[in-house]
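Enquirer: Provided herewith is a single structure, encoded as structure tokens, for subsequent inquiry.
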Number of protein chains: 2
Amino acid sequence: MKNSALSVTASRKRILDIFLAADNALAHQDIETKCADQYDRVTIYRTLQTFLERGIIHNIPSTDNMVRYALCNEACITTGHHHDNHVHFRCDQCGKTVCLDDVNIPAVNLPKGYTMKEINMVVNGICKSCK
Amino acid sequence: MKNSALSVTASRKRILDIFLAADNALAHQDIETKCADQYDRVTIYRTLQTFLERGIIHNIPSTDNMVRYALCNEACITTGHHHDNHVHFRCDQCGKTVCLDDVNIPAVNLPKGYTMKEINMVVNGICKSCK
DNA sequence: ATTAAAAATGCAACTTTGTTGCAAAAGTAT
DNA sequence: ATACTTTTGCAACAAAGTTGCATTTTTAAT
């Protein structure tokens with residue numbers, strides 16, 4: 001898994017495990033509460049940053065100043081850049097944010113002069129577990 | 001303008017003016033640098049919160065922990081809830097975030113069991129002023 | 001216009017979040 | 001096993017956001 005040319009360390013393994021075990025996207029804080037006793041806060045910040053850069057995780061925008069992170073699919077890791085074309089869903093009830101891997105972001109036509117590089121779509125509502 | 005059943009105060013007028021004068025979405029910090037000498041930081045926080053609740057402004061999600069705010073159109077204010085169906089664009093060059101009022105967010109089909117309440121689309125790239 | 005009630009503001013103190021430099025420790029490759 | 005590189009933890013900060021309360025400003029009613 002960690003043949004992305006970076007050292008295999010205990011903290012990285014642990015954080016990766018946390019992501020693998022999670023069924024939803026995680027904020028820095030979520031990870032901190034799970035392992036702040038074992039690893040330093042700073043290490044978590046740096047690890048998330050590193051994972052992002054290597055395309056191991058991607059981040060999900062939010063309006064609550066809690067950027068969340070989720071594992072990327074294989075394509076991101078092997079090609080080195082993101083293929084994040086899926087919609088994210090945030091449940092107003094349980095608060096969980098998930099990747100809807102099967103829902104592609106539809107195309108949009110930008111006005112003349114605008115060039116698109118990335119696109120992000122986040123839907124709020126009630127998830128299937130909550131109703 | 002401020003017939004949304006809230007007191008007309010100097011700070012609110014000032015902050016509203018800042019939005020009216022801006023050609024892009026503003027983060028808390030942007031507003032603070034423009035008027036921190038006149039009004040307290042806390043007041044700015046509370047004013048943005050109030051404006052949000054009254055539908056005077058809407059917020060734009062981000063991955064950089066800098067939620068930005070922009071004025072709503074009339075419909076939001078008169079009906080009391082958001083009609084924010086437009087795409088937001090963030091320029092990687094100049095860093096400005098703008099509302100593309102003419103670009104509607106296309107429909108998406110969510111998986112069974114999911115109910116949509118709000119939808120948000122943010123596109124990154126190069127804006128027309130930068131190229 | 002005055003005044004009483006309600007709402008908003010400023011201040012202080014505090015909590016949380018995020019950053020940086022550097023020495024120690026752990027990982028990698030020979 | 002050793003030398004080199006990378007990562008980690010610590011400490012010290014800086015920045016961002018929150019809360020309670022006394023004071024001031026708005027509002028609405030007389």
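The values are calculated or read from the model by the stated rules, or taken from the named source; none is laboratory data. Since this is a predicted model, take the numbers as computed values, not measurements. Cβ sites come from the backbone with ideal geometry, for glycine too, and all protein chains shown count toward neighbours. Remember, those area values only see protein heavy atoms, side chains included, never the ligands or the DNA or RNA. Shrake-Rupley method; radii C 1.70, N 1.55, O 1.52, S 1.80 Å.
Enquirer: Ignoring ligands, DNA and RNA, how do B:Arg12, B:Arg46 rank by accessible area with a 1.4 Å probe, largest first?
Expert: B:Arg46, B:Arg12
Enquirer: Which distances in nm, rounded to one decimal and ordered from shortest, link the label point of A:Ile18 to the equivalent label points in the other identical copies, with labels set 7 Å from Cα toward Cβ?
Expert: Taking the point 7 Å beyond Cα along Cα→Cβ, the inter-copy spacings are 3.4 nm.
Enquirer: Any idea what the dipole of the stretch B:10-125 comes to, in debye rounded to 20, about its Cα centre with Lys/Arg Cβ at +1 and Asp/Glu Cβ at -1?
Expert: About 280 debye.
Enquirer: Taking the dipole about the Cα centre of chain B, with the C-beta of Lys and Arg at +1 and of Asp and Glu at -1, give me whichever of B:Gly95, B:Ser11, B:Ala70 is farthest to the positive side.
Expert: With unit charges placed on the Cβ atoms, the residue in question is B:Ser11.
Enquirer: Stretch A:Lys117-A:Arg46 to full length: gain in nm at 0.36 nm per residue minus the Cα-Cα span? It would help to have the intermediate numbers written out before the result.
Expert: Numbers: separation 71, 0.36 × 71 = 25.56 nm, distance 2.53 nm.
That pair, A:Lys117 and A:Arg46, stretches by 23.0 nm at full extension.
Enquirer: Next question. Cβ under 14 Å from B:Glu118's Cβ, B:Glu118 left aside: what net charge do those residues give with Lys, Arg +1 and Asp, Glu -1?
Expert: Summing Lys and Arg as +1 and Asp and Glu as -1 gives -1.
Enquirer: Counting only DSSP beta bridges with both residues in the protein assembly as shown, what percent are antiparallel, rounded to the nearest 5?
Expert: Counting only bridges with both partners in the protein assembly as shown, antiparallel ones make up about 80 percent.
Enquirer: Looking at chain B, what % of its DSSP beta bridges pair antiparallel, to the nearest 5?
Expert: Counting DSSP beta bridges with both partners in chain B, the antiparallel share is about 75 percent.
Enquirer: Which order do you get for B:Arg90, A:Arg68 if you rank them by accessible area with a 1.4 Å probe, largest at the top?
Expert: If we order B:Arg90, A:Arg68 from most to least accessible, we get B:Arg90, A:Arg68.
Enquirer: Of B:Cys130, B:His58, B:Ala107, which is farthest towards the positive pole of chain B's charge dipole, taken about the Cα centre with +1 and -1 on the beta-carbons of Lys, Arg and Asp, Glu respectively?
Expert: B:His58
Enquirer: Once both labels are modelled 7 Å past Cα along the beta-carbon direction, what's the A:Ser11-A:Asp92 spacing in nm?
Expert: 3.9
Enquirer: Here is a follow-up. Percent relative contact order of chain B, based on C-alpha pairs within less than 8 angstrom and at least six residues apart?
Expert: 21
Enquirer: OK, next. If you rank A:Asp37, A:Asp92 by how much accessible surface each has, with a 1.4 Å probe, what is the order from largest down? Numbers along the way, then the final one.
Expert: Numbers: A:Asp37 130, A:Asp92 80 Å².
Accessible-area ranking of A:Asp37, A:Asp92, largest first: A:Asp37, A:Asp92.
Enquirer: What figure in square angstrom, to the nearest 10, would you give for the accessible area of A:Cys99 with a 1.4 Å probe?
Expert: 40
Enquirer: I've got another one for you. For the stretch B:10-125, what does the alpha-carbon gyration tensor say about shape, rounded, prolate or oblate, given a ≥ b ≥ c as the root eigenvalues, a/c under 1.5 as rounded, and a/b over b/c as prolate? It would help to have the intermediate numbers written out before the result.
Expert: On the way: a/c = 2.05, a/b = 1.54, b/c = 1.33.
Judged from the Cα gyration tensor, the stretch B:10-125 comes out prolate (a/c at least 1.5, a/b above b/c).
Enquirer: Place a point 7 Å from the Cα of A:Asp23 along the Cα-to-Cβ direction; which residues of the stretch A:97-130 have their backbone N under 20 Å from it?
Expert: Flagged as within label range: A:97-103, A:123-130.
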